[in-house]
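Note sheet for the following structure.
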């Protein structure tokens with residue numbers, strides 16, 4: 001039995017489809033505001049502060065493994081409704097929140113681990129959603145694009161301690177926007193499009209010290225369209241450290257709109273940042 005702890009976005013739907021296809025035993029802890037999974041007989045609607053209820057559901061159903069997927073907005077701790085377990089654990093969560101979002105997730109994982117409930121990777125059942133290295137579109141980044149990519153990577157490396165920064169936009173070697181707590185889509189909407197131009201990149205990498213079992217950088221068709229609206233030429237992800245939704249739809253659209261989708265690995269990043277030759 002696997003416990004699927006689901007938030008917003010289409011990512012949980014992809015996971016659920018694969019779990020059902022594999023005919024695996026599962027239950028859903030539905031944390032969405034709209035109770036998106038309420039029609040599923042194996043779904044339990046809970047709020048984020050009901051730690052006791054969540055743990056009891058998992059133990060009652062003999063769930064020894066859980067998987068997190070989808071976005072859950074950071075709550076206002078002064079307004080959150082807590083059960084008894086929630087009251088017990090909330091000081092640890094608040095303490096972790098002072099370090100950053102990744103620390104909150106790590107602490108939640110630790111709490112479940114103390115209950116002998118192990119957290120598995122969000123792409124355990126959908127490895128095909130995590131792209132490996134390669135250029136997935138017809139066009140490739142040119143020398144100018146590579147300079148923008150380098151600038152974006154060095155910027156993210158410097159921002160590693162700011163726990164919410166998974167992405168940045170660079171145009172003509174200038175940092176135009178850095179992802180905040182509002183996420184990638186709102187960051188992209190703030191980027192102004194230059195008339196009749198298509199250059200610049202969005203680079204999305206995991207945060208430093210991030211637990212790669214949860215909260216991997218996620219992009220999909222909406223991200224791609226927002227990049228185009230912002231006048232960007234491509235997206236760069238880190239190999240096997242991403243979630244890429246609507247792959248076929250995205251690739252077809254990227255090719256029609258002359259955008260590149262590049263997934264790179266450590267060696268490439270080392271060569272790029274150290275001014276060495278890249279093929």
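Below, the figures for the structure above:
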read-out: Some residue of the range 101-115 being in contact (Cβ under 8 Å) with a residue 40 or more places away in the chain, under 17 Å from residue 12 (Cβ atoms) and touching a strand residue (DSSP E or B) at 6+ places or on another chain (Cβ under 8 Å); value: yes
read-out: Within the range 14-114, strands (runs of 3 or more DSSP E) holding 3 or more residues that are surrounded by 18 or more Cβ atoms within 10 Å (Cβ to Cβ) and on the phi < 0 side of the Ramachandran plot; value: 26-30, 65-69
read-out: Where residue 175 falls short, out of the listed (1) outside any loop (DSSP other than H, G, I, E, B); (2) within 30 Å of residue 4 (Cα to Cα); value: (2)
read-out: Residue match in the range 75-96 (condition: out of contact with any helix residue (DSSP H, G or I) (no Cβ under 9 Å at 6 or more places or on another chain), in the same structural domain as residue 13 (by TED's automatic domain parsing) and closer than 26 Å to residue 124 by Cα); value: no
read-out: Residue match in the range 33-40 (condition: in contact with a helix residue (DSSP H, G or I) (Cβ under 9 Å, 6 or more places away or on another chain), modelled with pLDDT of 95 or more and under 27 Å from residue 181 (Cα atoms)); value: yes
read-out: Subset of the range 116-148 (residues that are free of Cβ contacts under 8 Å to residues at least 40 places away in the same chain, over 19 Å from the mean Cα position of the chain (by Cα) and assigned to a helix (DSSP H, G or I)); value: 143, 147
read-out: Residue under evaluation residue 28, criteria (1) farther than 26 Å from residue 125 by Cα; (2) modelled with pLDDT of 90 or more, criterion not met; value: (1)
read-out: Leading residue by the ranking (surrounded by the fewest Cβ atoms within 10 Å (Cβ to Cβ)) among those in the range 127-159 that are out of contact with any strand residue (DSSP E or B) (no Cβ under 9 Å at 6 or more places or on another chain) and within 13 Å of residue 260 (Cα to Cα); value: 142
read-out: Test: residue 184 is buried (at least 21 other Cβ atoms within 10 Å of the Cβ) and at pLDDT 90 or above; value: no
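The values are calculated or read from the model by the stated rules, or taken from the named source; none is laboratory data. Just so it is clear, the model here is predicted, and its values are computed rather than measured. Neighbour counts run over all protein chains shown; Cβ positions are idealised from the backbone, glycine included.
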